[in-house]
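What follows is a single structure, written as structure tokens, with notes after it.
The numbers here are math on the coordinates, done by the rules we state, and not lab data. None of these values were measured; they are calculated from a predicted model. No Cβ is skipped: glycine too gets one built from the backbone with ideal geometry, and neighbour counts run over all protein chains shown.
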Amino acid sequence: MRTRDPEQLRAIARELRVSILRTIHQAKSGHTGSSLSCIDLLTCLYFAEMRHYPFQSDWPGRDRFVLSKGHAAPALYAVLHRWGYITSHDLARLRQLESITQGHPDSRRCPGVEASTGSLGQGLSVGHGMALALRGQAQRVYVLLGDGELQEGQIWEAAMSAAHFRSAGLCAIVDANRLQIDGAVAKIMNVEPIAAKFIAFGWKALEIDGHDIEQILGALDQSRANTETPTVIVARTIKGKGVSLFEDKVEWHGRAPNAAELALALGELGEPPAVTEP
Amino acid sequence: MTRTTRRVLSTREAYGRTLVRLGELSRDVVVLDADLSSSTQTALFAERFPDRFFNMGVSEQDMICTAAGLSLTGKIVFASSFAIFITGRCWEQIRNSVALPGCNVNLVATHGGLTVGKDGASHQALEDIAVMRAIPTMTVIVPADAVETRKAVEAAAWYDGPVYIRLTRENLPVIDCDERPFRIGVGWEVRPGHDVTIFGIGLMLHAAIEAAELLAAENISARVVNLSTVKPIDEHIIVRCAVETGAAVTAEEHNVCGGLGDAVGEVLLRRHPIPLERVAVRDAFGRSGDPKELLQYFDLTPQAVAAAAKQAIARAKR
């Protein structure tokens with residue numbers, strides 16, 4: 001299932017988009033836009049880049065992934081499901097009482113989830129703590145941040161300390177989809193220029209199109225090759241990417257598609273319009 | 001039996017020395033501080049194990065979540081700063097990144113309570129016990145001397161789950177004897193008595209012992225109990241004391257809302273209601289002053305504890 005073939009990765013990302021939309025529709029709740037904007041990044045991480053072992057989710061030699069923008073949990077669950085960390089039943093129970101697929105990732109409940117996240121601004125520090133613990137070892141730590149999340153001051157505390165401790169094992173990826181709950185990030189509280197800020201803190205920064213598989217793989221290669229400083233990949237993305245109905249629309253930040261919207265979306269993704277799963 | 005010794009020691013120094021011992025025992029022990037390592041005494045560990053010490057600078061929130069990440073990767077983590085900064089500024093980081101995922105992070109806060117002194121209200125943590133107690137699964141320990149501090153820190157290192165240990169800046173006489181085993185969640189009788197029980201923690205346990213001596217001069221027999229683990233609280237000893245003495249007092253260097261007094265009160269109300277008087281700061285901010293002056297000013301004295309005891313006894317007789 002692991003591959004570096006862009007065609008195969010694109011096919012996987014398409015399947016995962018379908019999985020995300022079905023799951024959120026069934027739960028009648030969840031963050032559609034944020035999950036779709038980061039799924040190409042997650043696909044490259046989990047299917048091309050990271051070493052991990054679904055049959056022993058706590059294998060010490062694994063790379064770590066922290067979903068700091070925890071509201072994109074359906075994207076992470078889709079990936080974990082395709083790898084076999086969790087079952088279809090778990091997916092179907094998204095956001096239900098006592099499910100392992102809680103509304104935001106819970107590391108105590110869900111195998112493959114490395115850190116409980118959801119409260120924005122904390123994941124980069126947690127990931128950096130992991131990187132410090134893994135110093136001198138081969139394992140790497142990846143943290144996915146949102147661009148709105150960069151408004152949290154703690155992000156910059158972590159940016160400072162990761163550079164100070166020269167934590168080259170840490171790679172932050174910003175899913176810069178330009179929208180937050182109340183509107184455009186630039187309008188609510190501008191965080192640009194993102195790359196320049198991280199560079200000023202002492203990081204290596206790369207800017208890519210976050211939906212271009214080749215560019216994502218190339219950036220991850222560069223991050224791995226950088227043994228001097230932590231790396232940030234500023235991935236320019238489109239919220240709701242893949243379905244015209246959701247793309248770049250702020251109202252789809254935290255909304256679930258109804259049956260008609262799902263059918264339309266699945267059609268665009270080239271999927272038969274089955275609404276419910278067994 | 002009251003005091004086994006009159007040695008006066010620093011709980012902070014006991015903390016630093018214990019960290020060094022733990023560092024010798026396990027390579028997994030790591031320590032973080034936020035630019036206060038000489039005050040919190042984590043500097044002792046930093047000197048000995050520089051590779052396992054991380055000074056995070058004046059960024060407590062980053063420190064707490066970094067501690068969580070280290071813990072999630074198998075380290076035994078201690079993170080320190082002043083009580084007000086750990087529990088106030090980082091409450092939500094502690095709740096969501098440390099306690100929710102069940103991290104074994106030990107938060108050892110120094111300079112708790114009023115007796116930080118001249119720095120004044122901004123630096124005096126009088127709410128820390130209440131806010132830490134409100135976090136599910138959090139263990140809260142307030143040691144009363146250097147020996148108990150050492151034991152509590154050792155216990156926390158091997159304990160499964162997040163622990164908050166609150167130390168004071170003041171040096172304290174040693175009450176705990178080295179032979180007494182320390183168990184998280186277990187209180188112990190420091191001094192026997194049958195008319196009233198005084199439950200004390202931290203610095204105020206010492207005031208409780210002095211209050212018992214004052215009361216003894218008036219032929220009132222006061223039992224003194226150290227409830228150093230405020231959460232999970234020792235319900236068994238509280239109920240036993242309630243049954244046997246019929247009146248109780250709590251004494252703490254903390255705001256009256258949500259601290260030891262409330263923790264004991266909850267148990268009594270549910271299991272064996274008796275008159276309870278709470279000696280604590282009466283819902284106020286602190287202010288600058290010498291530690292002794294401040295304790296006088298806020299009525300956290302042996303005399304105040306003794307008066308509260310007499311009041312509780314009088315209510316019990318009504």
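Worth pointing out:
- Every Cα-Cα pair in the range B:2-44 was counted, and those over 11 Å apart are 68% of them.
- Cα gyration tensor, the range B:1-111 - rounded (a/c under 1.5), prolate or oblate: prolate
- Inter-site label distance for residue A:88 and residue A:187 at 7 Å from Cα along Cβ, in nm: 4.2 nm
- Shielding score for A:157-166, defined as the mean number of other chain Cβ atoms within 10 Å: 4
- The Kirkwood hydrodynamic radius of the range B:133-176, based on inverse pair distances between different Cα atoms, is 11.2 Å.
- Among B:91, B:188, B:158: highest mean-square fluctuation, GNM of chain B, C-alpha pairs under 10 Å: B:158
- For the range B:1-95, the Cβ-based charge dipole about the Cα centre amounts to some 560 debye (Lys, Arg positive; Asp, Glu negative; other atoms uncharged).
- ³J(HN,Hα), Karplus 6.51/-1.76/1.60, whole Hz, each residue of the range A:55-71, x for Gly, Pro: 7, 8, 5, 9, 3, x, x, 6, 6, 10, 10, 10, 8, 5, 7, x, 5
- Over the range B:108-236, the reciprocal of the mean inverse Cα-Cα separation, the Kirkwood hydrodynamic radius, stands at 15.3 Å.
- Taking B:207, B:284, B:308 in turn, the Gaussian network model of chain B (Cα-Cα springs below 10 Å) assigns the largest fluctuation to B:284.
- Bridge type composition, chain A - antiparallel percent by DSSP, nearest 5: 10 percent
- Cβ-Cβ distance of residue B:189 and residue A:96, R₀ of 51 Å, FRET efficiency by 1/(1 + (r/R0)^6): the value works out to about 0.55.
- Gap separating the Cα centres of the range A:184-233 and the range A:104-129, nearest whole Å: 21 Å
- Pairs of C-alpha atoms in chain B farther apart than 28 Å represent 35 percent of all such pairs.
- Spatially close Lys pairs in chain A, defined by Cα atoms under 15 Å apart and a spacing of eight or more places or different chains, total 4.
- At most 14 other Cβ within 10 Å, DSSP loop - trypsin sites (Lys or Arg not before Pro), the range B:1-52: B:6, B:7, B:27
- Unit charges on C-beta of K, R, D, E only; dipole of the range B:73-155, Debye: 160 debye
- For chain B, a crude dipole built from +1 on the beta carbon of Lys and Arg and -1 on the beta carbon of Asp and Glu, taken about the Cα centre, is about 460 debye to the nearest 20.
- Rg over Rh, two decimals, the range A:1-95 (C-alpha only, Kirkwood Rh): 0.94
- Distance-filtered residues of the range B:156-189 - backbone nitrogen under 13 Å, label point 7 angstrom along residue B:28 Cα→Cβ: B:157-161
- Phi-derived couplings, Karplus 6.51 cos²θ - 1.76 cosθ + 1.60 at θ = phi - 60°, listed residue by residue for the range B:278-295: 10, 9, 6, 5, 8, 6, 9, 7, x, 7, 5, x, 5, x, 5, 4, 5, 4 Hz, with x used for Gly and Pro.
- Extent along principal axes [Cα atoms of the range A:110-193; Å; largest to smallest]: 42, 32, 17
- Zone residues, the range A:24-60, relative to residue A:251, backbone N less than 16 Å from point 7 Å out along Cα-to-Cβ: A:32-33
- Length added when fully stretched, residue B:47-residue B:318, from 0.36 nm per residue minus Cα-Cα: 91.6 nm
- At 1.002 mPa s and 20 °C, Stokes D of the range B:36-169 from Kirkwood alpha-carbon radius, µm² per second: 146 µm²/s
- Farthest toward the positive end of the dipole of the range B:155-241, out of B:184, B:158, B:194, is the Cα of B:158, where the dipole comes from beta carbon charges about the Cα centre.
- Peptide B:67-80 shows a mean partner chain C-beta count of 6 within 10 Å per residue C-beta.
- Distance between the range B:190-242 and the range A:133-147 - C-alpha centres, whole angstrom: 50 Å
- In percent, rounded to a whole number, the relative contact order of chain B is 18, using alpha-carbon pairs under 8 Å and six or more apart.
- Candidate lysines for bridging to residue B:310, where Cα separation is under 28 Å - those fewer than 8 sequence places away on the same chain excluded: B:231, B:292
- Shown for the range B:187-318 is the translational diffusion coefficient from the Stokes-Einstein equation, using the Kirkwood radius over Cα pairs, a temperature of 20 °C and a viscosity of 1.002 mPa s: 150 µm²/s.
- Measure of compaction for chain A (Cα Rg per 2.2 N^0.38 Å): 0.93
- Shape class of the range B:34-74 from the alpha-carbon gyration tensor: oblate, with a/c at 1.5 or above and b/c at least as large as a/b.
- Of B:25, B:300, B:100, the one that fluctuates the most in a GNM where chain B has Cα springs shorter than 10 Å: B:25
- For residue B:299 and residue B:180, a Förster radius of 25 Å and the Cβ-Cβ distance give a FRET efficiency of 0.25, rounded to the nearest 0.05.
- Proportion of all alpha-carbon pairs of the protein assembly as shown beyond 39 Å (%): 37 percent
- Within 10 Å of each Cβ in B:97-107, the average number of Cβ atoms from other chains: 4
- Think of the range A:177-269 as having a plus end and a minus end, set by charges on the Cβ of Lys, Arg, Asp and Glu; of A:190, A:258, A:205, A:190 sits farthest toward the positive end of this dipole.
- Distant-in-sequence amide contacts of residue B:140, defined by a placed amide H-H separation under 5 Å and a gap of 5 or more residues or a different chain, comprise B:164, B:230, B:231.
- Length available on full extension from residue A:268 to residue A:225: 0.36 nm per residue minus the Cα-Cα distance, which gives 11.7 nm.
- At R0 = 41 Å, FRET efficiency that the Cβ-Cβ distance of residue A:164 and residue A:59 yields, to 0.05: 0.85
- Report summary: the helix-based calculation at 222 nm, which adds -39500 (n - 2.57) for every DSSP H run with n ≥ 4 and divides by the residues of chain B, gives -11000 deg cm²/dmol.
- Size-normalised alpha-carbon gyration radius of the range A:203-244, reference 2.2 N^0.38 Å: 1.29
- Of all DSSP-defined beta bridges confined to the protein assembly as shown, some 15% are antiparallel rather than parallel.
- Model label sites at residue A:137 and residue A:259, defined 7 Å from Cα along the beta-carbon direction, differ in position by 5.0 nm.
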